[in-house]
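Participant: Starting off with a structure, shown below.
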Amino acid sequence: MKKIIRTIGVFTVLLVVLSFTNIPYFAYYYLGTSTPKMNNPPDLIVLLGGSGMPSPDGLIRIWYARNAASEFKKAKLIIALPYNENDKDSLHQLNLMAQELIVKGIDSSRIQFEPLGFNTRSQALNIAARFDSAKNHLTLLLVTSPEHMYRSVKTFQKAGFANVGGLPTFEVPVDEERARDKENSKDTRVKNLALRYNMWSYLNYELLVIREYTAISYYKIKGW
């Protein structure tokens with residue numbers, strides 16, 4: 001028991017120390033940007049629904065998907081999000097996401113749903129089954145969170161899509177100068193943001209990266 005407690009303590013101290021460096025962000029950034037670049041415009045834009053609607057995660061993915069759909073006007077959109085079996089309107093979350101895209105100018109005829117997959121693997125297989133042998137010739141653009149991008153691209157490639165690219169939904173942080181106190185100001189805001197913002201943000205990145213690498217390891221073991 002002492003060894004376990006000591007190991008946990010050392011691991012916790014290591015995480016805190018790393019949170020004062022840029023390593024957590026670089027690890028997070030790598031997961032979002034290590035996917036291959038697309039050589040052709042996408043035939044399909046797959047929006048992996050994440051936490052659904054309403055949620056910050058869902059909204060930022062919709063924002064990125066809308067921008068991609070506006071740029072690639074011939075591409076179809078597929079929203080992949082598990083439906084709720086206990087909800088009378090089981091497609092409610094999917095309809096909310098579709099409606100948000102429509103409000104932002106995307107034609108409803110371009111939007112399709114994938115409500116049956118319950119994880120990235122099953123969603124990839126279900127979407128691949130729609131296109132059969134044609135999937136080898138389609139270019140796919142995935143829209144998902146940065147930490148989820150690497151695993152998503154690899155999973156869709158494993159499902160049979162030869163040309164898969166990613167559009168990671170990175171957040172745009174507030175300008176640091178807007179939160180920093182000026183030397184000649186009587187404002188109560190701090191002058192050093194490393195402890196107030198960066199440390200906690202990087203701790204969050206650490207948790208996201210650890211969780212995602214655990215999922216990647218599980219998918220590799222399963223051959224997914």
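Participant: For the range 51-63, indicate whether the set of residues that are among the charged types (D, E, K, R), open to solvent by less than 80 Å² (accessible area, probe 1.4 Å) and within 16 Å of the chain's Cα centre (by Cα) is non-empty. Don't jump to the end; show me each part of the working.
Facilitator: Taking the range 51-63 and keeping what is among the charged types (D, E, K, R), we get 57, 61.
Filter again for open to solvent by less than 80 Å² (accessible area, probe 1.4 Å), leaving 57, 61.
Filter once more, keeping what is within 16 Å of the chain's Cα centre (by Cα): 57, 61.
Yes: one or more hits.
Participant: Kindly provide the set of residues from the range 19-34 that are under 16 Å from Thr169 (Cβ atoms) and assigned to a helix (DSSP H, G or I), ordered by number.
Facilitator: Matches in the range 19-34: Tyr25, Tyr28, Tyr29, Tyr30, Leu31, Gly32, Thr33.
Participant: Looking at the range 106-120 only, could you name the residues that are touching a strand residue (DSSP E or B) at 6+ places or on another chain (Cβ under 6 Å) and part of a helix (DSSP H, G or I)?
Facilitator: Selection gives Arg110 alone.
Participant: I've got another one for you. Within the range 198-224, how many residues turn out to be open to solvent by less than 70 Å² (accessible area, probe 1.4 Å) and either in contact with a Lys or Arg (Cβ under 9 Å, 6 or more places away or on another chain) or more than 14 Å from His148 (Cβ to Cβ) (or both)?
Facilitator: 13
Participant: Confirm whether Gly166 is among the small types (Gly, Ala, Ser), open to solvent by less than 40 Å² (accessible area, probe 1.4 Å), modelled with pLDDT under 95 and not in a helix (DSSP H, G or I).
Facilitator: So Gly166 fails the test.
Participant: May I ask you to list the residues in the range 16-42 that are open to solvent by less than 80 Å² (accessible area, probe 1.4 Å), in contact with a strand residue (DSSP E or B) (Cβ under 8 Å, 6 or more places away or on another chain) and farther than 16 Å from Arg211 by Cα?
Facilitator: Thr33, Thr35, Pro36, Met38, Pro42
Participant: Only residues that are of a type in the set (Asp, Glu) and at pLDDT below 95: list them for the range 63-98, please.
Facilitator: Residues satisfying the conditions are Glu85, Asp87, Asp89.
Participant: Which residues, counting only those in the range 121-141, are touching a residue at least 60 places away in the same chain (Cβ under 8 Å), assigned to a helix (DSSP H, G or I) and open to solvent by less than 20 Å² (accessible area, probe 1.4 Å)?
Facilitator: Gln123, Ile127
Participant: Listed residues Phe118, Phe161; which is at pLDDT below 95 and open to solvent by 70 Å² or more (accessible area, probe 1.4 Å)? So that I can check it myself, show each step before the final result.
Facilitator: Numbers: Phe161 fails: open to solvent by 70 Å² or more (accessible area, probe 1.4 Å).
The match here is Phe118.
Participant: To continue, here is another question. Starting from the range 9-32, keep only residues that are more than 19 Å from Ser152 (Cα to Cα) and at pLDDT 85 or above, then list their pairs with residues that are β-branched (Val, Ile, Thr) and open to solvent by less than 30 Å² (accessible area, probe 1.4 Å) whose Cβ atoms are within a distance under 7 Å, requiring at least 6 positions of separation or different chains.
Facilitator: What qualifies is Pro24/Val209.
Participant: List pairs: first in the range 35-55 and free of Cβ contacts under 8 Å to residues at least 24 places away in the same chain, second open to solvent by less than 10 Å² (accessible area, probe 1.4 Å), Cβ under 6 Å, 6+ apart or cross-chain?
Facilitator: Ser51/Gly58
Participant: So, in the range 107-154, how many residues would count as being within 19 Å of the chain's Cα centre (by Cα), among the small types (Gly, Ala, Ser) and closer than 19 Å to Trp224 by Cα?
Facilitator: 4
Participant: Given the conditions (1) within 18 Å of the chain's Cα centre (by Cα); (2) within 21 Å of Glu212 (Cα to Cα); (3) open to solvent by less than 40 Å² (accessible area, probe 1.4 Å), which single one is not true for Ile45?
Facilitator: (2)
The values are calculated or read from the model by the stated rules, or taken from the named source; none is laboratory data. Since we're looking at a predicted model, the values are computed, not measured. Cβ: placed from backbone, ideal geometry, glycine included. Neighbour counts: every protein chain shown. Remember, those area values only see protein heavy atoms, side chains included, never the ligands or the DNA or RNA. Shrake-Rupley method; radii C 1.70, N 1.55, O 1.52, S 1.80 Å.
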